[in-house]
Amino acid sequence: DGGITQSPKYLFRKEGQNVTLSCEQNLNHDAMYWYRQDPGQGLRLIYYSQIVNDFQKGDIAEGYSVSREKKESFPLTVTSAQKNPTAFYLCASRSGANRGNTIYFGEGSWLTVV
Amino acid sequence: RKEVEQDPGPFNVPEGATVAFNCTYSNSASQSFFWYRQDCRKEPKLLMSVYSSGNEDGRFTAQLNRASQYISLLIRDSKLSDSATYLCVVNRNTNAGKSTFGDGTTLTVKP
């Protein structure tokens, strides 16, 4: 089945540590996204990538980094510079206009700083 | 002003009620529009696309008003299972680029 796989689902991080969240899709989508969601809040865009080897900052990119070396993969690193990283992280990809221009999400990763 | 704004909610309605949500967007060049549903602690899932001519899927009707820059979602004959947060999404481009979500409107349907 085609879809988006995020891992790990739950992650605990000590303060000062960098962590990387994995996101893989087999939908052959060019565009991929990372969103952050805090309890009771909406989705905020961290980074997005429209094509391999290219990505743009979203609304809350500080303290995060990404790479897009392969079409299928768009990992997110939460660095120690992110002061309040505890949140629900959602990876998504978007189909092209010829397939409805629709966003599909992975199941999300819960990051907790301990 | 936020790029996409939704009714603040929460909406608490009895079973069988009709409820409507609105979502306004500020960028007149926005190209495509969607409604998503998000259950507690889960990822958002596509509910329906929104077309200029309006579209219906069972008890759900979505409409787009480009002149006033808003989209709407109407739910008829509410079910307990409709309880969730409803998010509107606005895309600037047809192929890729930034997708902006509203903060969501929470609906609770009570017996």
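The values are calculated or read from the model by the stated rules, or taken from the named source; none is laboratory data. None of these values were measured; they are calculated from a predicted model. Backbone-built Cβ (ideal geometry, glycine too); neighbour counts: all protein chains shown.
Counting only residues that are surrounded by fewer than 19 Cβ atoms within 10 Å (Cβ to Cβ) and in contact with a Pro (Cβ under 6 Å, 6 or more places away or on another chain), give me the strands (runs of 3 or more DSSP E) lying completely in region A:1-85 with at least 1 of them. Give the derivation first.
Numbers: elements: A:4-7, A:10-13, A:19-25, A:31-37, A:43-51, A:54-57, A:64-66, A:76-78.
Counting at least 1 such residues, we get A:19-25.
Count, please, the residues in region B:60-111 that happen to be in a loop (DSSP other than H, G, I, E, B), touching a residue at least 40 places away in the same chain (Cβ under 8 Å) and buried (at least 17 other Cβ atoms within 10 Å of the Cβ).
The number of residues fulfilling the criteria is 5.
When the residues of region A:96-113 are narrowed to those that are within 16 Å of the chain's Cα centre (by Cα) and more than 9 Å from chain B (Cβ to nearest Cβ), which ends up surrounded by the fewest Cβ atoms within 10 Å (Cβ to Cβ)?
Only one residue tops the list, namely A:Thr112.
Tell me whether region B:99-107 contains one or more residues that are more than 14 Å from chain A (Cβ to nearest Cβ) and modelled with pLDDT of 95 or more.
yes
Here are some residues: B:Ser26, B:Ser30. Which one is surrounded by 14 or more Cβ atoms within 10 Å (Cβ to Cβ) and either under 15 Å from the mean Cα position of the chain (by Cα) or closer than 25 Å to A:Ala92 by Cβ (or both)?
Every option except B:Ser30 fails the conditions.
Given the options B:Arg76, B:Arg1, name the one that is among the basic types (Lys, Arg) and either modelled with pLDDT of 95 or more or in contact with a Lys or Arg (Cβ under 7 Å, 6 or more places away or on another chain) (or both).
Of the residues listed, the single one that is among the basic types (Lys, Arg) and either modelled with pLDDT of 95 or more or in contact with a Lys or Arg (Cβ under 7 Å, 6 or more places away or on another chain) (or both) is B:Arg76.
Do you know which residues across region B:26-54 are within 11 Å of chain A (Cβ to nearest Cβ) and charged (D, E, K, R)?
B:Arg41, B:Lys42, B:Glu43, B:Lys45
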